[in-house]
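Heads up: the structure comes next, in C-alpha cells.
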Amino acid sequence: MSDHDYRPKSKVGQWFNDRLPLLTLANHLTDYPTPKNLNYWWTFGGILTFCLITQIVTGLTLAMHYIAHADMAFESVEHIMRDVNYGWLIRYIHANGASMFFLAVYIHIFRSLFYGSYKAPREIIWIIGIIIYLLMMAAAFMGYVLPWGQMSFWGATVITNLFSAIPLVGEGIVTWLWGGYSVDNPTLTRFFTLHYLIPFLILGLVVLHIWALHVPGNNNPVGIDIKKPSKDTVPFHPYIVIKDGFALLMFMIVFAFFVFYAPNILGHADNYIEANPMVTPAHIVPEWYLLPFYAILRSVPDKLLGVVAMLSAILILAVLPWLDTSKIRSAVFRPLYKQFYWILVADVLILGYVGAMPAEGLYLLIARVATAYYFLHFLVILPVLGFKEKTLPVPLSITEPVLGGSPNLAAARNKESKIE
Amino acid sequence: MKNLFKLFSIIILIITSNSNSFAAEKVEYLKTDWSFKGLFGKFDRASLQRGYQVYTEVCASCHSMKYLSYRNLAEPGGPEFSEAQAKAIAASFEVTDGPNSDGEMFTRPGKLSDKFVMPYENVKAAQAANGGAYPPDMSVLVKARGGGVDYIYSLLQGYEEAPSNVSLDDGVYYNKYMYGNKIRMAAPLSDGLVEYGDGTNATVEQMSKDVTTFLMWSAEPHLESRHQMGFKAIVYLIILTVLVYFSMKRIWSRVESEV
C-alpha cells in the first residue's frame, strides 16, 4: 500500500510520526482506496460505529444516575426519567439505540450474506464480526435486566436457567451465575458490571474488525477482486465519508422518530412493572432482536437440545466461509443462491414472528419447520449449491460493466488464469 | 435507495406489529381523541387538573403514586397548578417525618418537595385492605399495560353484568376489558361522583378521560418537551440530510459512478 511512503510535511509532524506513526494511520484512513461501486448496504458499517459510540456515551451518563440494587434500580430509572435533566432523552436514546443497533447489525450481516463478503480472504473479518454480534446479544440481554422490571427479572430467570440444561454441572453453574438460589441482587450487580464492560470489549473488536478489513480492502457488489488504487477505487475521504454521512443522517431520522414519538413501542409494557419474584408474567418474551433464536430454542422439545440448537444457529455462522463452497462471491452472479438467500431472509423473519407468539399449535409447527429450514440452508443447500449452480459470467473490473459482451474479455480471462 | 426504504419500512412494520400482537387478540378498546397524541401532541391543562381531582378524590384512597412529588403539579408540561395551589394541595396532606431530636417520628403538613402520600403503609397493608389484591401504583400505570391509555380509559367504563356462564366470587367484578374479565376493583366511577370546579359535567366518560390523561402525564411527565424537541430534531436532521445529499452529489460528480 502506498501509505508506507507517507511523510508529514511539517518538521514537528515528522518528529512525532517517527516516534508514533499516528499521522501515517490518519493518512491511511483518509486515502484508503474503496471500491467506487459500493451501494447503500455498505454504509451500515459506519452506522454501526455510530450506534456503538452512542450507546457508550449515553450508557456512561445513565450509569452516573442508575443504582444497581434490587430495591432501588426501578426507582432510580424513574428518577432518571423524571428528575435528571434530559434523563428521559438519554434513557430513550439508550433503550431505542439498542434496537437500532440490532436493526443495523442485521442489515450489515445480511448484506455480507448477499454479497459473499465472508469468503476468502475475509474470513477473519467475518469471524470477528460474529464474536461482536454474540457480545452485542450478551450486552443487550444484561442491559434489559437493569431496569429491574417484570420482563427484566423473568427474562433473566429464563435465560440463565438455560445453563441448567448442561448435564451434571448445569444446576451448579446456574447458582454460580445468579450468586444465590434465584435471580436477585447479586445477579443484578454482576450484570451491571458486565453490561458496563462488554461495550469496551466490542470497541476493541471493532478496531480489529476494521484493521482486518483494511488488509484485503472492501468487498463490493460485483464481488470481484480489484486493483487498489485504480480506476475502480475512490479515496475513503471525501467520497465514502460523505456517502456514509448521508446514510447515517437518514438512519438518524428513523432513530429520532422512535426516540421522540414511539419510545416504548419496541419494549414490553410489563417492564414498567417493578420486578416481583412472586408473580410470573403471562408471556415471557425477549426483545425483538432475539426472537428468531428464542423461536429455535422453543421449537426443540428437549431442553438441552433446544439450547444446543439455539447456540448452533449462531455459531454455524462462524464456519460459513467453509460451508459455502461457491467461488463466486456476489449473489448478483448466482441466480439460484439469490433465490435461496431471499428464502432465508423470509425464514428468519418468520422465526422472529413465531418467537413472539405462544409456543403452541400452529405457531410451534411453523417454528419447527422454519428452524429445520434454517439449518438446511447452511448445512445442505449452501455446500451443494457451490458445486451444482451455473453462475453467470463475472466482469473483470468494476469499470467494465459488460457481462461477457466485451471483445477483450476472453483475452483478459486467459491472462488472468495464467497469473493464477 | 428505493430498496433501502422498502426494507426499512418492512422491518419496522414487522417489529411494531409484533409488539402489538398480544393486545390485538383482545377486544377493541374504546377510542377517544387524546390531545397528547401526534407530532405536536400536548396535554389539555384543564383535563389534567380535573384528572388530578378524580385521582385524589377517588383513586388515591387505594392507589399510590409514589414516584410523583407535589412540586410536579406546578411544573411546566403538567397540570400547571400555580405554585400557591400546589403548596395548598401539599399542605392538605399529613406527612410522617422524623425522627426528630428526641428520636420520635412526627407528622407535619406536606411540602412541595414531598412525594405523594401513600394510602397504605406497605404492600401487605394494601393487600389486607383489598381482599388480597394489591392496587397497583399508578405512577407509570399506562406504560405498564399493553393497550396504554386506551386500555385504562376502556377499563374504567367496561363494568357490566357478568354473562350467565361466568360465576364471580365475592368481591370480584366483571369487566369487559380486563385480562380474563375478572377484576377485584369495584366500578370506581359513577356519574356525578366528583364535582368539577370548572363546571364540566362529571359523567363516567368525562372522568375516565380526565383521569387517564392525568395518568398519561404521570407516566410521561416530559411528554410535551419530548414532542417539541422531537419535531425540531427531525426538521433539523431532514434539512441537514438534504444539504449533505447535494454536497455528496457534487463530490461524486468528479467520478463516473452513481450514488
Leaving out ligands and nucleic acids, and using a 1.4 Å probe, what accessible area per residue does the protein assembly as shown come to in Å²? 49
The stretch B:166-259 - Debye-derived log10 I(q)/I(0), Cα point model, q = 0.10, 0.12, 0.26 Å⁻¹: -0.60, -0.69, -1.21
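Classify the stretch B:24-90 as rounded, prolate or oblate, taking a ≥ b ≥ c as the square roots of the eigenvalues of its Cα gyration tensor: rounded when a/c is under 1.5, otherwise prolate if a/b is larger than b/c and oblate if not. If you can, show how the numbers build up before the last one.
Numbers: a/c = 2.48, a/b = 1.45, b/c = 1.70.
The shape class here is oblate.
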What does the convex hull of the Cα atoms of the stretch B:98-155 come to per residue, in Å³, rounded to a whole number? 140
Convex hull projection area averaged over all views, the stretch A:112-187, Cα basis, nm²: 7.1
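What's the extension gain from B:Arg108 to B:Ala46 if we count 0.36 nm per residue and subtract their Cα-Cα distance? Each step should come with its number before you reach the end.
Details: separation 62, 0.36 × 62 = 22.32 nm, distance 2.99 nm.
In short, 19.3 nm is gained.
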Between the stretch A:60-111 and the stretch B:80-117, how far is it from one alpha carbon centroid to the other, in angstrom? 33
Which angle between 0 and 90 degrees, to the nearest 10, do you get for helix A:123-145 versus the longest principal axis of chain A when only C-alpha atoms count? 20
For the stretch A:15-51 and the stretch B:122-179, distance of Cα centres in Å: 58
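Which pairs break 24 Å Cα to Cα here: A:Lys119/A:Lys388; A:Lys36/A:Lys390; B:Lys115/B:Lys143?
Working: A:Lys119/A:Lys388 18 Å; A:Lys36/A:Lys390 28 Å; B:Lys115/B:Lys143 20 Å.
A:Lys36/A:Lys390, as the Cα separations exceed 24 Å there.
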Once normalised by the length of chain B, the mean sequence separation of its alpha carbon contacts under 8 Å that are 6 or more apart gives a contact order in percent of 23
Taking springs between alpha-carbon atoms closer than 10 angstrom, which of A:Leu305, A:Leu22, A:Leu396 fluctuates most in the Gaussian network model of chain A? A:Leu22
In terms of Cα to Cα distance under 13 Å, which aspartates and glutamates are near enough to A:Lys9, apart from those fewer than 8 places away along the same chain? A:Asp18
Around B:Leu68, which amide H atoms from residues at least 5 apart in sequence, or from another chain, sit under 5 Å from its own amide H, with H modelled in the peptide plane? B:Phe116
In Hz, Karplus ³J(HN,Hα) per residue of the stretch A:72-78 (6.51, -1.76, 1.60; θ = phi - 60°; x = Gly, Pro): 10, 4, 4, 5, 5, 5, 5
Which residues qualify? For A:Val234, with a placed amide H closer than 5 Å and at least 5 residues away or on another chain, they are A:Thr34, A:Lys36
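Add -39500 (n - 2.57) for each DSSP H run of 4 or more in chain A, then divide by its residues: what number comes out at 222 nm, to the nearest 500 deg cm²/dmol?
-20000 deg cm²/dmol
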Translational diffusion coefficient of the protein assembly as shown at 20 °C, 1.002 mPa s, Stokes-Einstein with Kirkwood Rh over Cα pairs, in µm²/s as a whole number. 75
Looking only at other chains, what is the average number of their beta-carbon atoms within 10 angstrom of each beta-carbon in A:235-248? 4
Express in whole angstrom the spacing between the alpha-carbon centres of the stretch B:26-73 and the stretch A:121-186. 38
³J(HN,Hα) across the stretch B:70-75 via Karplus (A = 6.51, B = -1.76, C = 1.60, θ = phi - 60°), whole Hz, x for Gly/Pro? 5, 4, 4, 5, 9, 7
In the full protein assembly as shown, how much of B:Ser113 is accessible to a 1.4 Å probe, in Å² to the nearest 10? 80
Out of the total accessible area of the protein assembly as shown (probe 1.4 Å, heavy atoms of protein only), what percent is carbon and sulfur? 64
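The values are calculated or read from the model by the stated rules, or taken from the named source; none is laboratory data. What you see is a predicted model; the values in this text were computed from it and never measured. No Cβ is skipped: glycine too gets one built from the backbone with ideal geometry, and neighbour counts run over all protein chains shown. Just so you know, the surface numbers come from the protein's heavy atoms only, side chains and all, with ligands and any DNA or RNA stripped out. Shrake-Rupley method; radii C 1.70, N 1.55, O 1.52, S 1.80 Å.
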